[in-house]
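Accompanying notes for the structure given below.
The values are calculated or read from the model by the stated rules, or taken from the named source; none is laboratory data. Because the structure is a prediction, the values reported are computed rather than measured. So basically every Cβ, Gly included, is an ideal-geometry build from the backbone, and we count neighbours across all protein chains shown.
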Amino acid sequence: MVFKKLLGSLGVGGPSVDTVLDAGPVVPGGMLTGRVNLLGGQADADIEQITLDLVARVEAEGHDEETEGTVVFDRVTIGGGFRLTEGAEFTVPFALTVPWETPLTELYGQPLGVVLGVRTELAVAGARDKGDLDPLSVSPLPVQEAVLEAFGQLGWGFRAADLELGHIGGTGQRLPFYQELELTPPSGYAHALNEIEVTFLATPEGMEVVIEADKRGGLFSDGHDALNRFTVSHHNVPHMDWNAEVDRWIRQLVESRGAHSAHHSGHGSYGHHDTHHDSHHRSGPGTGAVVAGAAVGVAAGVVGGMVAAEIVDEIGDAVEGEEEDEGSEEE
């Protein structure tokens with residue numbers, strides 16, 4: 001077994017750590033399992049705390065430019081309070097529930113270019129070090145897959161996926177960022193829409209689907225954005241005609257005049273609550289942009305035209321930059 005990183009801030013000859021995630025992707029709200037393997041250094045060490053951070057590479061819009069950085073969106077302590085003797089090996093298994101709003105990193109096994117990771121932090125005798133980082137893969141819930149499959153069946157094409165810092169006003173969003181999936185219209189809607197951006201906000205009961213449309217202007221009118229919100233429940237997945245439902249959502253967007261509105265789809269839909277009222281903004285394609293027109297549906301190979309992101313390298317670079325910033329602040 002290769003231990004990935006010597007804990008430099010704990011001194012030469014300190015303990016090393018290797019976090020191993022169990023095979024396969026997780027789903028939003030699902031269980032992430034694995035183990036943290038420790039190897040004792042050249043002297044005994046008191047392990048005060050072992051912490052796992054879920055981190056994401058997120059875009060943020062400034063006044064004149066767009067920047068990227070890492071955001072910790074969950075933090076769980078999985079162990080600590082023991083002595084690791086010199087040269088000893090010790091394993092800490094873990095099982096943690098990922099947040100329901102955790103963004104998707106793949107669809108039908110194809111990467112979306114979204115960068116998530118699990119970062120391990122070890123606290124030894126008052127010193128802390130982020131000793132290991134592993135990429136996190138997240139696949140869609142059945143209701144998310146049903147919606148995306150319907151878009152694909154209706155001829156919508158996948159353009160890009162990214163994570164945006166901020167909150168969508170009027171929703172129950174809990175994380176400090178949201179994911180947007182950019183889709184291009186089929187011929188039947190190309191005269192009215194340039195593209196749409198879809199955001200999923202899942203909960204234990206169901207999911208809010210936020211759709212923003214970039215509407216084309218007419219002969220006597222300018223183009224504008226229209227945004228609608230719809231709620232669906234998990235248990236309705238096998239009972240819905242998703243092609244008809246999704247097409248109904250799009251027709252409502254085309255017919256709307258740019259106002260924000262909310263709709264409930266099917267029986268068992270759940271209520272929403274307005275906990276955030278920050279201004280909502282959207283941006284263009286981010287890391288891991290795809291070839292325009294790659295389909296979302298199974299039959300067309302979903303995101304087969306995607307330029308795959310180097311996920312491990314990208315999230316490693318992002319975290320290294322974050323650590324350098326933290327070091328500067330400590331000085």
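Given the condition closer than 19 Å to Gly169 by Cβ, at pLDDT 90 or above, in the same structural domain as Glu180 (by TED's automatic domain parsing) and assigned to a strand (DSSP E or B), answer yes or no: does some residue in region 230-238 qualify?
Checking region 230-238: at least one residue is closer than 19 Å to Gly169 by Cβ, at pLDDT 90 or above, in the same structural domain as Glu180 (by TED's automatic domain parsing) and assigned to a strand (DSSP E or B).
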Just the residues that are part of a loop (DSSP other than H, G, I, E, B) and crowded, with 18+ Cβ neighbours inside 10 Å, please, taken from region 37-56. Gly40, Gly41
Contacts under 7 angstrom Cβ, first residue in region 239-258 being surrounded by fewer than 17 Cβ atoms within 10 Å (Cβ to Cβ), partner of a type in the set (Asp, Glu), 6 or more apart: Gly258/Asp225
When you go through Glu208, Glu180, Glu212, Glu164 one by one, which is the residue that is within 21 Å of Ala60 (Cβ to Cβ), touching a Leu at 6+ places or on another chain (Cβ under 7 Å) and not hydrophobic (A, V, I, L, M, F, W, C)? Glu212
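Of the residues that sit in region 68-102 and are charged (D, E, K, R) and closer than 20 Å to Val138 by Cα, which one is nearest to the chain's Cα centre (by Cα)?
Of everything passing the filter in region 68-102, Glu101 is nearest to the chain's Cα centre (by Cα).
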Qualifying positions in region 58-82 - among the charged types (D, E, K, R), modelled with pLDDT under 95 and assigned to a strand (DSSP E or B): Glu59, Glu61, Glu66, Glu68
Considering each of Leu183, Leu165, Leu154 in turn, give the residue that is touching a Phe, Trp or Tyr at 6+ places or on another chain (Cβ under 7 Å), in contact (Cβ under 8 Å) with a residue 60 or more places away in the chain, under 19 Å from Asp214 (Cβ atoms) and among the aliphatic types (A, V, I, L, M). Leu183
